[in-house]
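Each remark here refers to the structure printed beneath this line.
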Amino acid sequence: MRKIVLPFMTVLFVLILGCSPYEKHEETVTKIVSYDELYWMERNQRELANKLSEENNIAKTMIEEIREGSVMLRFNLDFMEDHPEYDLVEFEFPITKYKKERTSIEFFNDEGKITKVHSVNGDWEVY
């Protein structure tokens with residue numbers, strides 16, 4: 001009896017948590033972006049979260065991660081709005097990828113770190 005209960009409890013625990021059948025991978029990428037590019041990165045991520053929330057087979061925690069990443073990207077937009085003297089910013093962004101068979105969902109999971117800024121006069125500065 002004990003041998004049967006443990007696997008059953010493990011399966012039940014996974015179902016209760018709503019764990020995704022996707023494999024999760026994280027990495028960091030460096031990107032140089034303008035305000036407009038950053039705007040579209042944030043908007044596309046927000047729209048991805050909204051689209052996935054309409055699907056029943058996507059774990060709620062994954063959708064929450066995507067939404068949180070979108071909010072964090074907004075901080076970078078605020079930085080660029082507050083500093084019009086910079087036309088480009090280099091960021092290190094953490095990315096999360098969920099993969100399952102032929103399906104892949106990729107998104108920025110944090111605001112990242114500003115590494116360099118480019119002024120409108122053409123100079124790069126370490127930030």
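The values are calculated or read from the model by the stated rules, or taken from the named source; none is laboratory data. Just so it is clear, the model here is predicted, and its values are computed rather than measured. Note that each Cβ is placed from the backbone with ideal geometry, even for glycine, and that neighbours are counted across all protein chains shown.
Miscellaneous remarks
- Exclusive hit being within 23 Å of residue 123 (Cα to Cα), surrounded by 18 or more Cβ atoms within 10 Å (Cβ to Cβ) and under 14 Å from the mean Cα position of the chain (by Cα), set 38, 48: 38
- One residue from 115, 103 being closer than 17 Å to residue 25 by Cβ and of a type in the set (S, T, N, Q): 103
- Boolean, residue 98 is at pLDDT below 90 and of a type in the set (Ser, Thr, Tyr): yes
- Checking each residue in segment 68-97 for being surrounded by fewer than 19 Cβ atoms within 10 Å (Cβ to Cβ), within 17 Å of the chain's Cα centre (by Cα) and among the aliphatic types (A, V, I, L, M) picks out 71, 72, 77, 95.
- Pair list, Cβ < 8 Å and 6+ apart or interchain, from segment 23-40 residues that are in contact (Cβ under 8 Å) with a residue 40 or more places away in the chain to residues that are among the hydroxyl-bearing types (Ser, Thr, Tyr) and outside any helix (DSSP H, G or I): 23/98; 24/96; 24/98; 25/96; 25/98; 26/96; 30/115
- Looking only at residues in segment 54-67 that are assigned to a helix (DSSP H, G or I) and loosely packed, with under 14 Cβ neighbours inside 10 Å, the one that is farthest from the chain's Cα centre (by Cα) is 60.
- Qualifying residue in segment 23-30 (condition: more than 29 Å from residue 114 (Cβ to Cβ), surrounded by fewer than 12 Cβ atoms within 10 Å (Cβ to Cβ), more than 14 Å from the chain's Cα centre (by Cα) and modelled with pLDDT of 85 or more): yes
- Elements of the type strands (runs of 3 or more DSSP E) sitting completely within segment 75-127 and holding at least 3 residues that are closer than 16 Å to residue 63 by Cα: these cover 86-100, 103-108.
- Test set (1) in contact with a Ser or Thr (Cβ under 8 Å, 6 or more places away or on another chain); (2) on the phi > 0 side of the Ramachandran plot - residue 86 fails condition number: (2)
- Test: residue in segment 67-90 that is touching a residue at least 24 places away in the same chain (Cβ under 8 Å), over 23 Å from residue 23 (Cα atoms) and basic (Lys, Arg): yes
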